[in-house]
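Have a look at the structure below, then the notes.
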Amino acid sequence: MRINTPVVCNSFRVVFVWWHFLLRAAAARQPWALLLNAFGVAACHVVNDVARPRRVVAFTGIAVLLMLLPLSLGCRTLSPAAQTGALGGIPPAGLAPPLAPSNERNWEPSLAVLPYAEFDGDLVTVHNIRNCTYLTETDYVVWHYDKTLNLNDLESVDFIKVPFTAAPSLAHTMLSFGFCGGEYLVVSVEARLEQGEVYSPLKGSLRQYELMYVVADERDVIQLRTEHRKVDVFVYPTKATPEQARALFVSMIERANKLRQQPEFYDTIANNCTTNIVQHINQLRPGRVPFDVRVLLPGRSDQLAYELGLLDNNISLEETRRRAKVNDLARRHKDSSDFSADIRRF
């Protein structure tokens, strides 16, 4: 995984990138990078805060603490042998090597089955589309189905944002692809949790989760959040043409196929829901979404998409957000046979 560290003078962005570099270095057993991180964070703040030496000292102390944090947490990708190696010693004989990402674990039932697809010209058969029936957030019946779709029927793609209640600057993001006839399929890039695991952004930076592309019925992913998690859900129509929507859908489904054969670790900063969406867009049109802190803080990703013209910007951002929020409509039409159309009636 390559981390492009831009030369910037903004303290927040510098510390953010350095902190991630630190966590990645710990997982990769590169002790020199841990030390470099401590000096790097301090140096960045010397540049920015020459007139405030107390802040330089404070950030140096924070850097040292962050340097020790990954080792003290017991990263899953660091076996005892790897931890010894990271500290400069010789790994004892007979200890297991560092773990690699795997598709063979005791997964949460809703994340246990990987989707994949088979292409035949303009037709694609998507296997294992999830459509859970939720009684509560953690009590549900898991259903999967297969469906053959004609890519020529792809009409639109919507951007879905779900802010974290406790940290609105963070959010989960997804894409919903609309086909002729009013059918929608959502592709959601997620941390694949094992049974009993709870998502933590910090653990996500320490390679504690695998990456999964969930392909799901729109009612599943939206009602899970509006009905049971009680969080806001925003569904933004994008300005993508049918041709662009098709290319984006194919790109994401092909990545789901690849993950079925070659698992990867999820990464809170570098390999998450929003960074993967950005990567798919930029693969189709290089540079369409430039580096921006709002990719790292996706609670503001709708603002970035609005400014880049990916969303309709003929009306104000505030009005765009008001129209995009679907919580009331999702609750009102939760049993509707035309759920996806009903939540788009604003």
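How many residues are of a type in the set (Ser, Thr, Tyr) and under 15 Å from Val221 (Cα atoms) if we restrict to the range 317-346? Reasoning before the result, please.
Residues of the range 317-346 that are of a type in the set (Ser, Thr, Tyr), as a first pass: 320, 336-337, 340.
Subset that is under 15 Å from Val221 (Cα atoms): 340.
Adding up the residues that qualify gives 1.
Can you find, within the range 197-213, the residue that is farthest from Cys273 (Cα to Cα) among those that are surrounded by fewer than 17 Cβ atoms within 10 Å (Cβ to Cβ) and at pLDDT 90 or above? Walk me through it before giving the result.
First pass over the range 197-213, keeping only residues surrounded by fewer than 17 Cβ atoms within 10 Å (Cβ to Cβ): 198-202.
Within this subset, residues satisfying the condition of being at pLDDT 90 or above are 198-200.
Working: Val198: 17, Tyr199: 14, Ser200: 14 Å.
In this case the residue turns out to be Val198.
Is it the case, given these coordinates, that Ser110 is open to solvent by less than 70 Å² (accessible area, probe 1.4 Å), at pLDDT 95 or above, among the polar types (S, T, N, Q) and within 20 Å of the chain's Cα centre (by Cα)? Spell out how you get there, then give the answer.
On the way: open to solvent by less than 70 Å² (accessible area, probe 1.4 Å): yes; at pLDDT 95 or above: yes; among the polar types (S, T, N, Q): yes; within 20 Å of the chain's Cα centre (by Cα): yes.
Criteria met by Ser110.
So, restricting to strands (runs of 3 or more DSSP E) that lie completely within the range 134-206, which ones have at least 2 residues that are under 20 Å from the mean Cα position of the chain (by Cα)?
So the answer is 154-163, 171-179, 183-192.
For the range 312-346, how many residues are in contact (Cβ under 8 Å) with a residue 40 or more places away in the chain and either in a loop (DSSP other than H, G, I, E, B) or open to solvent by 40 Å² or more (accessible area, probe 1.4 Å) (or both)? So that I can check it myself, show each step before the final result.
From the range 312-346, those in contact (Cβ under 8 Å) with a residue 40 or more places away in the chain are 312, 320-321, 324-327, 330-331, 334, 338-341, 343-344; that's our starting set.
Restricting the remaining residues to those that are either in a loop (DSSP other than H, G, I, E, B) or open to solvent by 40 Å² or more (accessible area, probe 1.4 Å) (or both) gives 312, 321, 325-326, 331, 334, 338, 343-344.
So the count comes out to 9.
Residue check, Asn282 against (1) closer than 25 Å to Ala256 by Cβ; (2) open to solvent by 70 Å² or more (accessible area, probe 1.4 Å), all met but one. Which one?
(2)
If the requirement is being within 16 Å of Thr238 (Cα to Cα) and part of a helix (DSSP H, G or I), which of these qualifies: Gln279, Gln303?
Numbers: Gln279 fails: within 16 Å of Thr238 (Cα to Cα).
Step by step, each of Gln279, Gln303 is checked, and only Gln303 is within 16 Å of Thr238 (Cα to Cα) and part of a helix (DSSP H, G or I).
Residue-wise test of (1) in contact with a Pro (Cβ under 7 Å, 6 or more places away or on another chain); (2) surrounded by 17 or more Cβ atoms within 10 Å (Cβ to Cβ).
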site	(1), (2)
Glu254	no, no
Pro263	yes, yes
Asn272	no, yes
Phe291	yes, no
Arg294	no, yes
Arg300	no, yes
Leu310	no, yes
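The values are calculated or read from the model by the stated rules, or taken from the named source; none is laboratory data. All figures in this text were calculated on a predicted structure; none of them were measured in a lab. All Cβ positions, even for glycine, are placed from backbone atoms using ideal geometry, and neighbour counts span all protein chains on display. Quick note on the areas: whole protein, heavy atoms, side chains included, nothing else; ligands and nucleic acids left out. Shrake-Rupley method; radii C 1.70, N 1.55, O 1.52, S 1.80 Å.
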